[in-house]
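Worksheet for the structure shown next.
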Amino acid sequence: MVCASRSCEEKSKGRDGFSIESVVFGRDETFRCLWIEGVPDLESVEQALVLLSKLIAFPSQSSHKTFRIKRFLAKKQKQNRPIPQWIRMKTGNKIRYNSKRRHWRRTKLGL
């Protein structure tokens with residue numbers, strides 16, 4: 001990835017003629033630019049690639065889904081199903097469908 005913006009180059013000048021600028025967007029850490037001036041030596045390029053691969057493989061922050069929220073989502077997932085056919089037979093067709101059915105796009109859970 002080659003950085004085209006001038007401001008990014010000025011911000012992230014490093015030694016050995018190349019640098020990596022990490023930018024945090026919310027929970028995800030991404031890399032804005034990796035640029036090369038002239039021809040750097042092989043060792044410095046290898047160091048940059050090792051650093052880049054480590055940061056991509058292991059993100060700086062894990063997800064924040066607590067067990068309480070996970071349990072809440074599991075309960076809502078179980079509740080969101082059609083009624084069984086035996087209930088229709090038992091109730092004499094008074095209960096025809098699950099009126100509390102939720103669509104993922106229309107109705108949100110409000111977490």
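Read the figures in this text as sums done on the coordinates, not as results from a lab. Quantities reported herein were computed from a predicted structural model and do not represent experimental measurements. Cβ coordinates were reconstructed from backbone atoms using ideal geometry, including for glycine residues, and neighbour counts include every protein chain displayed.
Given a Förster distance of 22 Å, report the FRET efficiency between Lys65 and Arg106 from their Cβ-Cβ distance, rounded to the nearest 0.05. The partial results should precede the final answer.
Details: r = 23 Å, r/R0 = 1.05.
For R0 = 22 Å, the calculated efficiency reads 0.45.
Simple spin-label model, 7 Å along Cα-to-Cβ: Ile56 to Gln79 in nm?
Simple spin-label model gives 4.3 nm for this pair.
For region 65-111, please report how many Lys pairs fall under 18 Å Cα to Cα, leaving out neighbours fewer than 8 apart on the same chain.
12
Please state, as a whole number in µm²/s, the translational diffusion coefficient that the Stokes-Einstein equation yields for region 65-111 at 10 °C and 1.306 mPa s, with Rh defined as the Kirkwood radius across alpha carbon pairs. Don't skip to the end; give the middle numbers.
Details: Rh = 12.5 Å.
Diffusion coefficient, whole number: 127 µm²/s.
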